[in-house]
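**Q** This is the structure I want to talk about, given as structure tokens.
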Amino acid sequence: MTISRRSVALGLVSLSALSACGRSPRGAALAGPGDAPPPRPAPSSAPNAGFDGWVASFKNRAASQGFTQAQLDSAFRGVGYLPSVVANDNKQSEFTRTLEDYLAIAASDERVSNGRAKYRQFGSVLSGVESRYGVDAKIVAAVWGMESSYGARRGETPIVSAMATLAYDGRRRDFFEQQLFAVLKILSAGDTTPDRMIGSWAGAMGHTQFMPTSYLSYAVDYTGDGRRDIWSDDPSDALASTANYLKKFGWTKGQPWGVEVKLPAGFDRSKAGFSITRAPSDWAAMGVRNMDGATVGNFGAAKVIQPAGGGGPAFMVFNNFEVIKRYNNATSYAIGVGHLGDRIAGGGPIRGSFGPDPQGLTLDDRKDIQRRLTAKGFDTDGTDGVIGAKSEAAIRAFEAANGMPSTGVATKELLLRLGGRPG
């Protein structure tokens, strides 16, 4: 189907869709252009008598399930009610990203460069993980990059306080109470300590952002030190745990996640899409080719999708694409992980065209606007072509300084005013 640039259908991802859910091991947040952010302070707790009473009641229930008083005292020492966590849980952002913008961030120059550097640094670990679990090292590295910018954004929220706060005062209380019981099991097993157990406000932890229940089911001790330590600066256990997760959900060794393809002129799009699966040879008979004009190899049953609409890139995706979606059930995320993995392994950018945006600008045009604004002293916080809050503020500042109406919108007129020319 055709998808508009502002649709919330498949091919776009909302910020709220990147928060934790029961079917995912994590609560991914697609970071901005930089991969080395300044550290943030931990969220502050606030007095709340109702919360204190709830914690006392929960501890009694936990004791009835076999947790010792010493274990409970250790886990809940210093626990507090976190208003910012509740605010995040209640936030219903309607902001969405197009697939083009999503991929511009997911596989930005910085993220690709950092990913290749991390791949070299931890090559022996990634190779060993691939050998043991049969999951492509580049995909494991890409999940690491997407989930925490290769460990740079692991979160700063104390997980015990966050899970207790959401179990007491969140929209999904039963879910987060389940997560809190899982937290007690993790701590009781000695895998980490309460002060080291930090992560996202929604409970996702470590380099690859596992939720506590998924940690219990899929985390592994790759280093052999007796602890499944996904919080350590050493990412080995986290990378292996991610591979184990993907393996358990059916990863097929040697099968690509997908291949960018060209559709023949006059291709009947009603015969493709997310609900139609064919053998690669059948797609080849319909004229579908890879971007170099060759037929796609027989890697198993495949779908041909065009998630950005009829004018955007097309992909032939295999079962491993669906396995990635078990990590985050969003089409954009799965394409982002797959494409970032390809880029880390030396592949090039998406070759199909997304076409101009509603203002008639291409991604390269928007990057040019960001470069020119930054050169003139109006910082856009990167040149990924995604017009976010920083770029909008820079545009407004430039407009104000040059006697233009304040719009914050990237337009052809703006690019011309900055000295550039639309592509």
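The values are calculated or read from the model by the stated rules, or taken from the named source; none is laboratory data. What you see is a predicted model; the values in this text were computed from it and never measured. Note that we place each Cβ from the backbone using ideal geometry, even for glycine, and neighbour counts take in every protein chain shown. Note: areas computed on protein heavy atoms with side chains; ligands, DNA, RNA excluded. Shrake-Rupley method; radii C 1.70, N 1.55, O 1.52, S 1.80 Å.
**Q** Of everything in the stretch 42-63, what is in contact with a strand residue (DSSP E or B) (Cβ under 7 Å, 6 or more places away or on another chain) and modelled with pLDDT of 95 or more? Give them in sequence order.
**A** Hits for the stretch 42-63 are Ala46, Asn48, Phe51.
**Q** Which of the following residues is out of contact with any strand residue (DSSP E or B) (no Cβ under 6 Å at 6 or more places or on another chain), of a type in the set (Gly, Ala, Ser) and crowded, with 23+ Cβ neighbours inside 10 Å: Gly170, Gly145?
**A** Being out of contact with any strand residue (DSSP E or B) (no Cβ under 6 Å at 6 or more places or on another chain), of a type in the set (Gly, Ala, Ser) and crowded, with 23+ Cβ neighbours inside 10 Å holds for just one of Gly170, Gly145, which is Gly145.
**Q** What pairs come up if the first residue lies in the stretch 71-93 and is in contact (Cβ under 8 Å) with a residue 60 or more places away in the chain, the second is crowded, with 19+ Cβ neighbours inside 10 Å and of a type in the set (Ser, Thr, Tyr), and their beta carbons are under 7 Å apart, counting only those six or more places apart or on different chains?
**A** Listed pairs, sorted by first residue: Val79/Ser161; Gly80/Ser161; Tyr81/Thr165; Leu82/Ser161; Leu82/Thr165; Val85/Thr157; Val85/Thr165; Val86/Thr165.
**Q** How many residues does the stretch 211-225 contain that are assigned to a helix (DSSP H, G or I) and open to solvent by 30 Å² or more (accessible area, probe 1.4 Å)? Reasoning before the result, please.
**A** Initial filter on the stretch 211-225 (assigned to a helix (DSSP H, G or I)): 212-218.
Subsequent filtering for residues that are open to solvent by 30 Å² or more (accessible area, probe 1.4 Å) retains 213, 216-218.
Qualifying residue count for the region: 4.
**Q** Another question, if that's okay. Given Leu99, Leu72, Leu82, which one is in contact with a Lys or Arg (Cβ under 8 Å, 6 or more places away or on another chain) and open to solvent by less than 10 Å² (accessible area, probe 1.4 Å)?
**A** On the way: Leu99 fails: in contact with a Lys or Arg (Cβ under 8 Å, 6 or more places away or on another chain); Leu82 fails: in contact with a Lys or Arg (Cβ under 8 Å, 6 or more places away or on another chain).
Step by step, each of Leu99, Leu72, Leu82 is checked, and only Leu72 is in contact with a Lys or Arg (Cβ under 8 Å, 6 or more places away or on another chain) and open to solvent by less than 10 Å² (accessible area, probe 1.4 Å).
**Q** Which residue out of Arg153, Arg171, Arg132, Arg196 is touching a Phe, Trp or Tyr at 6+ places or on another chain (Cβ under 7 Å), basic (Lys, Arg) and either over 22 Å from Arg326 (Cβ atoms) or not in a strand (DSSP E or B) (or both)?
**A** Exactly one of Arg153, Arg171, Arg132, Arg196 is touching a Phe, Trp or Tyr at 6+ places or on another chain (Cβ under 7 Å), basic (Lys, Arg) and either over 22 Å from Arg326 (Cβ atoms) or not in a strand (DSSP E or B) (or both), namely Arg196.
**Q** Scanning the stretch 354-375 for residues that are in contact with a helix residue (DSSP H, G or I) (Cβ under 7 Å, 6 or more places away or on another chain) and either open to solvent by 20 Å² or more (accessible area, probe 1.4 Å) or part of a loop (DSSP other than H, G, I, E, B) (or both), which turns out farthest from Arg97 (Cα to Cα)?
**A** Looking at residues that are in contact with a helix residue (DSSP H, G or I) (Cβ under 7 Å, 6 or more places away or on another chain) and either open to solvent by 20 Å² or more (accessible area, probe 1.4 Å) or part of a loop (DSSP other than H, G, I, E, B) (or both), I get Asp368.
**Q** Considering (1) surrounded by 20 or more Cβ atoms within 10 Å (Cβ to Cβ); (2) closer than 21 Å to Lys138 by Cα, say which one Asp234 fails and leave the rest.
**A** (1)
**Q** Which of the residues belonging to the stretch 274-292 are of a type outside the set (A, V, I, L, M, F, W, C) and open to solvent by less than 20 Å² (accessible area, probe 1.4 Å)? I'd like the intermediate steps shown before the answer.
**A** To start, the set of residues in the stretch 274-292 that are of a type outside the set (A, V, I, L, M, F, W, C) comprises 275, 277-278, 280-282, 287, 289-290, 292.
Result: Pro280, single match.
**Q** If you check Ser332, Ser353, which single one turns out to be within 30 Å of Gln255 (Cα to Cα), in contact with a Phe, Trp or Tyr (Cβ under 9 Å, 6 or more places away or on another chain) and polar (S, T, N, Q)?
**A** Ser332
**Q** Can you pull out the residues in the stretch 376-401 that are over 25 Å from Ala106 (Cβ atoms), assigned to a loop (DSSP other than H, G, I, E, B) and open to solvent by 60 Å² or more (accessible area, probe 1.4 Å)?
**A** Correct list: Lys376, Gly377.
**Q** Does Gly266 count as at pLDDT 95 or above and on the phi > 0 side of the Ramachandran plot?
**A** So Gly266 does not fit the description; no.
**Q** From the list Ser74, Ser64, Ser113, pick out the single residue that is of a type outside the set (A, V, I, L, M, F, W, C) and under 22 Å from the mean Cα position of the chain (by Cα).
**A** Details: Ser74 fails: under 22 Å from the mean Cα position of the chain (by Cα); Ser64 fails: under 22 Å from the mean Cα position of the chain (by Cα).
Going through Ser74, Ser64, Ser113 in turn, the sole match is Ser113.
**Q** While we're here: If you go through the stretch 348-358 one residue at a time, do you hit one that is among the hydroxyl-bearing types (Ser, Thr, Tyr), modelled with pLDDT under 95 and over 13 Å from Ala142 (Cα atoms)?
**A** Scanning the stretch 348-358, I find at least one residue that is among the hydroxyl-bearing types (Ser, Thr, Tyr), modelled with pLDDT under 95 and over 13 Å from Ala142 (Cα atoms), so the answer is yes.
**Q** Inside the stretch 246-270, can you point out the residues that are assigned to a loop (DSSP other than H, G, I, E, B) and in contact with a strand residue (DSSP E or B) (Cβ under 7 Å, 6 or more places away or on another chain)?
**A** Trp257, Leu263
**Q** From the list Lys325, Lys262, Lys248, pick out the single residue that is over 22 Å from Glu147 (Cα atoms) and either within 18 Å of the chain's Cα centre (by Cα) or not polar (S, T, N, Q) (or both). I'd like the intermediate steps shown before the answer.
**A** Details: Lys325 fails: over 22 Å from Glu147 (Cα atoms); Lys248 fails: over 22 Å from Glu147 (Cα atoms).
Just a single option satisfies the conditions, and that option is Lys262.
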